[in-house]
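First comes the structure, then the notes that go with it.
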Amino acid sequence: MSDRRGALALSLERARKGLETVAQPSSSVSLGVEEAYEVQRELLKLRTADGEKVVGYKMGLTSKAKMRQMGVDSPIMGFLTDGMRLDGSFSLGRAVQPRIEPEIAFLVGREIAGPLPPREALSRCSAVCAALEILDSRYRDFKFKLEDVIADNGSGCAFALGPWTKNPGFEALQGLAVTLKVDGLAAQQGLSDDIYGHPAQSLSALSALLARRGLALPEGCVVLAGAATQAISLRPGLYEGCVAGFAPASVSVSA
Ligand code: 0L1
Ligand code: MG
């Protein structure tokens, strides 16, 4: 591990724990995407040394709008730990500038050692559910370049899952309405196709990103496929991530 990667990971982890923001690495060094993923890996080492366990992966920048904004044409990945999983509630005191977005999640039923095409990757998932992701950038004003946000684990903070439903297959996951509700009212609306064309396409891209680093998705692993709408700022209230045909994921947010 280079001192630089370790130092960047440590400053991001201290910022997360101390609820502070730090300067974007790109403001002083040129990292590049691969080195940014190495910083992310160092960050994960710090989290696992603290007792957290990896339970899955998240895909980010999966919508055309977010990709255009960042000037990229493919999504990014980050890790999910057991410490990030919510059991129905979230306190705003856990984050600096949290945002929330509705997603679709997969449960891997048989190892996905990529790169696998979308239908094949999806066929290895035993279950699907509606999900919510809470983002929290460790950079001031949520401003970053691509390598900054990769190093910062794709702004990952927390996630909530709805009840798992047996994987209904590729066609059944196409064109589904995805809604973010706040206190029962629709705040954002999109389609499952807004997740990189199809959520299974995002799963396939994740399998390729991991394979490039010698990693696979093990049985039991959770995958957040990506957001179908913009993320909105988090305030106290009841949030529901709804996907047509699935039971919602919900989180009650307190001050
Ligand atoms: O999950 C995501 O799409 C987040 C990717 C990073 C960019 C952001 O924080 O919006
Ligand atoms: Mg997300």
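Computed quantities for the displayed model
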quantity: Stokes-Einstein D for segment 5-123, Kirkwood Rh over Cα pairs, 20 °C, 1.002 mPa s (µm²/s); calculated: 128 µm²/s
quantity: Inter-probe distance in nm under a simple model that places probes 7 Å from Cα toward Cβ, at Ser91 and Glu52; calculated: 1.8 nm
quantity: Under-5 Å amide H pairs with Ala187, H placed in peptide plane, nonlocal only; calculated: Leu180, Lys181, Val182
quantity: Gain upon complete extension [Arg212, Gln189; 0.36 nm per residue less C-alpha separation]; calculated: 4.9 nm
quantity: Additional length obtainable on full extension of the chain from Met70 to Arg14, 0.36 nm per residue less Cα span; calculated: 17.6 nm
quantity: Whole-angstrom gap from segment 77-151 to segment 183-200, using each part's C-alpha centre; calculated: 15 Å
quantity: 1.4 Å probe accessible area per residue over the chain, in Å²; calculated: 43 Å²
quantity: Segment Ala113-Gln230, length gained on full extension (0.36 nm per residue, minus Cα span); calculated: 39.1 nm
quantity: Given charges at Cβ of Lys, Arg, Asp, Glu: the chain dipole, positive-most of Ala172, Leu209, Ser28; calculated: Ser28
quantity: Karplus 3J(HN,Hα) series, Hz, for segment 217-230 with 6.51 cos²θ - 1.76 cosθ + 1.60 (x for Gly, Pro); calculated: 9, x, 4, x, 6, 9, 10, 8, 6, x, 8, 9, 9, 5
quantity: Nonlocal Lys pairs with alpha-carbon distance under 18 Å, segment 27-153 (8 or more apart, or different chains); calculated: 6
quantity: Heavy-atom accessible surface of segment 3-254: percent carbon and sulfur, 1.4 Å; calculated: 50 percent
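The values are calculated or read from the model by the stated rules, or taken from the named source; none is laboratory data. Computed from a predicted model, the values in this text were never measured in an experiment. Cβ: placed from backbone, ideal geometry, glycine included. Neighbour counts: every protein chain shown. Calculation scope for accessible area: heavy atoms of the full protein, side chains included, ligands and nucleic acids excluded. Shrake-Rupley method; radii C 1.70, N 1.55, O 1.52, S 1.80 Å.
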